[in-house]
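Bear in mind that the values in this text are calculations on the coordinates, not laboratory data. Since the model is a prediction, treat every value here as computed from it, not as a measurement. Methodologically, a virtual Cβ is constructed for each residue, glycine included, from the backbone with ideal geometry; neighbour enumeration extends over all protein chains shown.
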Amino acid sequence: MTCRLVADPDAEVRYLAALNVCFPGWGDRAMFDWCFAREGSWPRADLMTLHADGHVIAGTANTYRRVRLANGQGLTVAIMTGSWTLPEARGRGAFTRLIDESRDRAAARGAGLLLAYVACGNASASRLRAAGAALVPTWYCRSAVDVPSPLESPAPRAAAHPIAEGADRQQWPDNLFAPGAPADLTQFLYTDREWRAQFLDRPAAPVRVRDAGAHRWAALVDRASLFDRVLAVAPAHDDGACLDAISALTARARAAGRRLFTFTTTASRAASLRERGFDLIDGWLTALVADEAALRQARGPDPGAPASSWPPLVSGALTDRTSPWYLGDWFVQNGDRM
């Protein structure tokens, strides 16, 4: 098997077609460009395809982002995303090969880490774990299937959570939604333009929703399939306000015959949503070391010390609280992830 960079428009068209074969309804060219063609303070995305016997059998992409580590230092990271293997080529080790290629490419672009989002039960999760990735627990959270009886209208439940919706940026300023998590958490880092591109300027524009009563919270919500998806809730650090928002947004989705989807890296929020009847799928944010020098510069216990005096760096140390390589607790919202 050989790996090649996707470097021309025709190859991009074939890549997009393969994504939709492997993940029906993945998206159109607008979604492809939003995922892979956006510019920022990071390198442009790398798309790679794997070839065997003269045919393309698999592909993946590295998108690049900036994170602020819990120690306040910035770091460029790669995110392994848009990965696919054609059905007839599965079971031949293609994804394992793509992990290695993605890691090498990330290092070549100066990214300290190669990240990926996976559900624990997926085959890709076991391959990343076998590659030595550090594992940050995550949770995919879906409101319960709740079909009202013929005698029960969903409207009264929705009315119990008064909300307001809008799109006018003068009345609904962007900074209403963008307050960050506490500074001692590792989180994605954006300029104002990058934040708008990530959360607002999507192929399907999100709706801006907020508490119409006490004005405790605001949220960004979009739609996909049968779900309303919560992209962000602010203030991000306030558990009570976030759970109030989820309750109101669940009622809003239910009134429209839909379900709510959200994502969290916060164990206490996941536990609260489970208690409220949400269906949770356990996942991981996986992290592989790509460019050790870049990571050492951002996180090393003593950047001025000779490399020989540093403790060995393995990916598992990134989530080991006893290791000087520990990156801190992660805070990721659904809109960061996609």
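A few notes on this one:
- Spatial separation of Cα centroids for the stretch 240-273 and the stretch 2-56, in angstrom: 33 Å
- Under the span-like rule (Cα at least 15 Å along the axis, Kyte-Doolittle mean at least -0.5), DSSP H helices of the chain: 9-22, 94-108, 239-255
- Simple spin-label estimate for A204 and H55 in nanometres, 7 Å along Cα-Cβ: 3.3 nm
- Bins of 10 Å, starting at 0 and running to the largest distance - Cα pair percent for the chain: 5, 24, 32, 25, 12, 3, 0, 0
- The length gained on full extension between V145 and H237, counted as 0.36 nm times the residue separation minus their Cα-Cα distance, comes to 30.3 nm.
- Residue order, fewest to most beta carbons within 10 Å, for D320, D291: D320, D291
- Length gained on full extension, A11 to R38: 7.9 nm, using 0.36 nm per residue less the C-alpha separation.
- Cα-projected label distance for V314 with E165, points at 7 Å along beta-carbon direction, nm: 5.1 nm
- At 1.306 mPa s and 10 °C, Stokes diffusion of the stretch 1-70 via Kirkwood alpha-carbon radius, µm² per second: 120 µm²/s
- With a simple spin-label model that places each label point 7 Å from the Cα along the Cα-to-Cβ direction, the separation between E292 and A183 comes to 3.2 nm.
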